[in-house]
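Asks: Have a look at this one.
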Amino acid sequence: MNEQVKIQAMRAAGVGCVLMLILIALLVFMLPTGALIDYLTLAGTWVGGGTTFGILMLAALPPLTGAIFYYFWKWVLK
């Protein structure tokens, strides 16, 4: 694959990661603490855990979004 396509895909991955971090920051700073913990607990119970699982899922979103953007952009530029 062309090296230029990989570089552009990496830039797109960075943009995706930053967009997700901005979204998470908005949610963390705009939601009341009790509601945020309730949402994280709810997300964690969906996968069989608790609040910790919800927090880990939230932490995994930026790299996951970056990977999705990377592979999508490589596919688009084929």
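The values are calculated or read from the model by the stated rules, or taken from the named source; none is laboratory data. Quick caveat: nothing in here was measured; it's all calculated off a predicted structure. With ideal geometry, Cβ positions are generated from the backbone for all residues, glycine too; neighbour counts draw on all protein chains shown. These area figures cover heavy atoms from the full protein model, side chains too; ligands, DNA and RNA do not enter into them. Shrake-Rupley method; radii C 1.70, N 1.55, O 1.52, S 1.80 Å.
Asks: Filter region 19-40 down to the residues that are open to solvent by less than 80 Å² (accessible area, probe 1.4 Å) and part of a helix (DSSP H, G or I) and list them by number.
Replies: M20, I24, A25, V28, G34, A35, L36, I37, L40
Asks: A further question on this structure: Let me confirm something: among K6, K78, K74, which residue is open to solvent by 90 Å² or more (accessible area, probe 1.4 Å) and of a type in the set (K, R)?
Replies: Only one candidate passes the filter, namely K78.
Asks: Pick from V28, V15: which is modelled with pLDDT under 95 and either within 27 Å of V76 (Cβ to Cβ) or under 18 Å from the mean Cα position of the chain (by Cα) (or both)?
Replies: Only one candidate passes the filter, namely V28.
Asks: May I pose another question? Name, by its number, the condition in (1) under 30 Å from E3 (Cβ atoms); (2) assigned to a helix (DSSP H, G or I); (3) at pLDDT below 95 that does not hold for K78.
Replies: That leaves (2) as the condition not met.
Asks: Across region 41-56, what is the number of residues that are open to solvent by less than 50 Å² (accessible area, probe 1.4 Å) and in a helix (DSSP H, G or I)? Spell out the reasoning first.
Replies: First pass over region 41-56, keeping only residues open to solvent by less than 50 Å² (accessible area, probe 1.4 Å): 41, 43-44, 49-51, 54.
Going one step further and asking which of them are in a helix (DSSP H, G or I), we end up with 41, 43-44, 51, 54.
The qualifying residues number 5.
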